[in-house]
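This structure is in structure tokens; I'll ask about it shortly.
Values quoted throughout were computed directly from the atomic coordinates according to the rules given, and no laboratory measurement underlies them. If you're wondering where the values come from, they're calculated on a predicted model, not measured in any experiment. Every residue, glycine as well, gets a Cβ built from its backbone with ideal geometry; the counts of neighbours run over all protein chains shown.
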There are 2 protein chains.
Amino acid sequence: MNTNPVQLFDVESSTFTYILVADDDRSAVIIDPVERHWERDLAHLKRLDLTLAYVLETHAHADHVTSAGKLREVTGAQAAVPSGCGITPAEVQLDDGDVICFGAGERIEVLHTPGHTAGSVSYLWRGNVFTGDTLLIDGCGRTDFQSGSSAALYDSVIGKLFALPDTTRVWPGHDYKGQSVSTIGWEKRHNARLANRSKAQFASLMAALDLPKPKLIDIAVPANQNLGLPHGA
Amino acid sequence: MNTNPVQLFDVESSTFTYILVADDDRSAVIIDPVERHWERDLAHLKRLDLTLAYVLETHAHADHVTSAGKLREVTGAQAAVPSGCGITPAEVQLDDGDVICFGAGERIEVLHTPGHTAGSVSYLWRGNVFTGDTLLIDGCGRTDFQSGSSAALYDSVIGKLFALPDTTRVWPGHDYKGQSVSTIGWEKRHNARLANRSKAQFASLMAALDLPKPKLIDIAVPANQNLGLPHGA
């Protein structure tokens, strides 16, 4: 059975944060929380009467700062992050195939899906995949900075994400059009950047995007590599 | 077990729309869809490969126009609405205690919860209650127009909604602070307007709010009583 996460949104950076609730209704994991919303997110955990087991990051974000460090501090949760992202203060460094366990028998599987950044991962839980900036609804993350690679992103999406069952729900790290959720089946057939496109065609398309440098990158990446806490903290 | 809905948001009116997905992953119901997002919502149904069984309204909204009529037209779903709201073109007029069935064994129970409007209802599904503008997170809907009544709202919340199990998840019709979900237990203990307050105290508080008339009320209510379709359509 397919259980949905609680999906939270940051209007400023169009970032989604997710709360995954264990079947026992007592234990939870949060993915990609946003710094300015740590009190809102903590309030959600309190209202739902949940104990936070882990704070997960999909990658070291360039467009917003995480609240992982803050949430870890106030809840006692552990931070679990992709091993290739330089997020050194986290308790758990995750590699492809690792499994995070929480609640009574909940399992989150780690898929290393490089491309947006070299360290990016996706998380698989109960028929849902949390794709960060690797696969977006009808799109994908950019691949032109932070060790990004269009070839790697193509292989991650085609080889790993599109190999999941068609009914797998796709919960992205961002959306800019009011969309919330998709499926692997739909993205395989319709994704504007990745469906029915060769690796070379995809590389040309991504190379031609010519996007401006993210405004916050020089602040956000070092901050996120420290779980959003001030350096020296 | 507690299955979450898919929660969608309209930034302009801060309205939540919900998609309830049957356990068989094929059939769905949508609650309080917003006119300007009918294509977005239809795209969600397509991406999740769902057949829409019903469009539900919690009441005749005064702050935005519904897409119920449009979604009914394009999907073949039935419109099911509270009987006391004057929404005459709907196929199903719902009363307290009615049950809406969809998918393989899904049951949505109708709770008549007057107060914001005389006809307002809440919907109960799998440990989730969709409260429209009756009960909001840490607040409640206004009671000063459209046959609203603070006494009725107090009785609805205290007598019906707060009588649900504490773990019941509360999914409101609006939120203005980035919040998404609460529980009956939390609202009973902490709701700023309704927790630990007598009916007389609540009536005084609501009478003192002195809110401006909703800008869209003279357009939205008649439109919503026609499922958001032009009159004569």
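Averaged over all directions, how much area does the convex hull of the C-alpha atoms of the protein assembly as shown cover when projected, in nm²? Mind dumping the intermediate values first?
Values: hull surface 87.5 nm².
Seen from a random direction, the Cα hull of the protein assembly as shown projects 21.9 nm² on average.
When only C-alpha pairs under 8 Å and at least 6 residues apart count, what is the relative contact order of chain A, in percent?
Numbers: 513 pairs, mean separation 44.4, N = 233.
The value is 19 percent.
While we're here: Hey, got the average number of other protein chain Cβ atoms within 10 angstrom for residues in B:175-183? Walk me through the numbers before you get to the answer.
Working: counts 0, 0, 2, 11, 6, 10, 8, 5, 5.
Mean partner shielding for this stretch: 5.
Lysine pairs in chain B 8 or more apart or on different chains: how many have alpha carbons under 27 angstrom apart?
11
Given chain B, report the % of alpha carbon pairs whose separation exceeds 25 Å. Don't skip to the end; give the middle numbers.
On the way: 9435 of 27028 pairs.
Tail of the P(r) past 25 Å holds 35 percent of the pairs.
Ranking A:Ser122, B:Ser83 by Cβ neighbours within 10 Å, fewest first, what do you get?
By the 10 Å Cβ count, ascending, the order reads B:Ser83, A:Ser122.
Have a look at A:Leu205, A:Ala80, A:Leu164 and report the one farthest towards the positive end of the charge dipole of chain A, computed about the Cα centre with Cβ charges (Lys/Arg +1, Asp/Glu -1).
A:Leu205
Follow-up question, since we're still on this one. Would you tell me the mean number of C-beta atoms belonging to other protein chains that fall within 10 Å of each C-beta in B:49-55, as a whole number? List each step's numbers first, then the result.
On the way: counts 5, 0, 0, 0, 0, 0, 0.
Average per residue, whole number: 1.
Right, another one. Suppose each label sits 7 Å from its Cα in the direction of the beta carbon; what would the B:Ser204-A:Leu211 distance come out to in nanometres?
Label-label distance for B:Ser204 and A:Leu211, simple model: 5.6 nm.
Identify, among A:Leu124, A:Pro33, A:Ala43, the residue whose Cα sits farthest towards the positive end of the charge dipole of the range A:6-212, taking +1 on the Cβ of Lys and Arg and -1 on the Cβ of Asp and Glu, with the dipole about the Cα centre.
The listed residue farthest towards the positive side: A:Leu124.
Then there is this: For an R0 of 41 angstrom, estimate the FRET efficiency from the Cβ-Cβ distance between B:Cys101 and A:Glu73 and round to the nearest 0.05. Before the final figure, lay out the partial values.
Numbers: r = 47 Å, r/R0 = 1.15.
The pair B:Cys101/A:Glu73 has a calculated efficiency of 0.30.
Then there is this: Can you tell me, using C-alpha contacts under 8 Å and at least 6 residues apart, the relative contact order of the range A:15-82 as a whole percent?
On the way: 116 pairs, mean separation 21.7, N = 68.
Relative contact order comes out at 32 percent.
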